[in-house]
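This report concerns only the one structure given below.
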Amino acid sequence: MGRSRRTLPEELLLLALDPTTGTTAQPQSLDLGLAGAQLVELALAGRIAPDGDRIAVVMPRPTGDPTLDSALELLRRRGSPVRAVHWIGGPRLGLRQIYLSHLERCGMVHAVAGQMCGVLPTTRYQATDTAISRDIRSRLDSAIRTGVPPDPRTAALAALAHAVGLGKHLYPGNEGRSSRSRLRDLIRHDPMGGLVAHAVMDVQNGVAAQPRRSQPAGGTSRQPGPVPMQPRRSGMARVAAH
């Protein structure tokens, strides 16, 4: 896999990065979304494939992306397909920071050191090339506005953005309600993205321990419900420096 294309975890993180504050929206659920985005990216690269509600490695050859290859190797070591909800709900310590540091090395963001309350060290991340973020956002906007089925990558990005609760960040207020609804509806255009997005929401809803029920014959497909918003912390949100 070449590096000419940004990966889904990178795009999801850039979508979540607030250009004004340099912090990430929905930080807790975003960590789950990044783990899910890795699965979708590996599927797009032909390394894994869905097996019901499980993920199976179909080609263990490395992609050339160290972070993705680390996830691929962990999946390979499982030896058997793993439920997506268990994978996403597992510990992913530092994944957001890993990708922020990667974006900094690639020159897409730069770190700004600061302090909270004059004591606690913080690090904010400002985009160095806003055209990249605008390009990512325009793909979502186009899919929402035109109603034309998007490509699998954009559909998966929309599904993940909805699953982690970025809808209100991207399309705020009452005027953004219809756009948030259409963002949610894009989840149906990519099976892998839909599987992962549902797994992310299941983890947030605390149902990771229970297997997903099979859809009755002739029934309609499950539509994702509202994403539970994480409690807001007091004070300004921040990404702590490590």
Subset of region 129-147 [at pLDDT below 85 and more than 21 Å from the chain's Cα centre (by Cα)]: Gly147
If you check Arg153 against the conditions, is it touching a residue at least 40 places away in the same chain (Cβ under 8 Å), surrounded by fewer than 19 Cβ atoms within 10 Å (Cβ to Cβ) and part of a helix (DSSP H, G or I)? no
Is it fair to say Pro62 is part of a loop (DSSP other than H, G, I, E, B), at pLDDT 95 or above and more than 15 Å from the chain's Cα centre (by Cα)? yes
Tell me the residue from Arg83, Arg92 that is in contact (Cβ under 8 Å) with a residue 60 or more places away in the chain, within 21 Å of Leu157 (Cα to Cα), within 15 Å of the chain's Cα centre (by Cα) and open to solvent by 10 Å² or more (accessible area, probe 1.4 Å), please. Arg92
If you scan region 41-80, which residues turn out to be more than 27 Å from Thr24 (Cα to Cα), surrounded by 14 or more Cβ atoms within 10 Å (Cβ to Cβ) and of a type in the set (Asp, Glu)? Asp51, Asp53
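The rows are residues; the columns are (1) open to solvent by less than 10 Å² (accessible area, probe 1.4 Å); (2) on the phi < 0 side of the Ramachandran plot.
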{"residue": "Thr128", "(1), (2)": "no, yes"}
{"residue": "Ile136", "(1), (2)": "yes, yes"}
{"residue": "Ala158", "(1), (2)": "yes, yes"}
{"residue": "Lys168", "(1), (2)": "no, yes"}
{"residue": "Gly173", "(1), (2)": "no, no"}
{"residue": "Ser179", "(1), (2)": "no, yes"}
{"residue": "Arg184", "(1), (2)": "no, yes"}
{"residue": "Pro191", "(1), (2)": "no, yes"}
{"residue": "Met201", "(1), (2)": "yes, yes"}
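The values are calculated or read from the model by the stated rules, or taken from the named source; none is laboratory data. These numbers come from a predicted model, not from an experiment. Note: ideal-geometry Cβ built from the backbone for every residue, glycine included; neighbour counts use all protein chains shown. Ligands, DNA and RNA are excluded from the accessible area calculation, which covers all protein heavy atoms including side chains. Shrake-Rupley method; radii C 1.70, N 1.55, O 1.52, S 1.80 Å.
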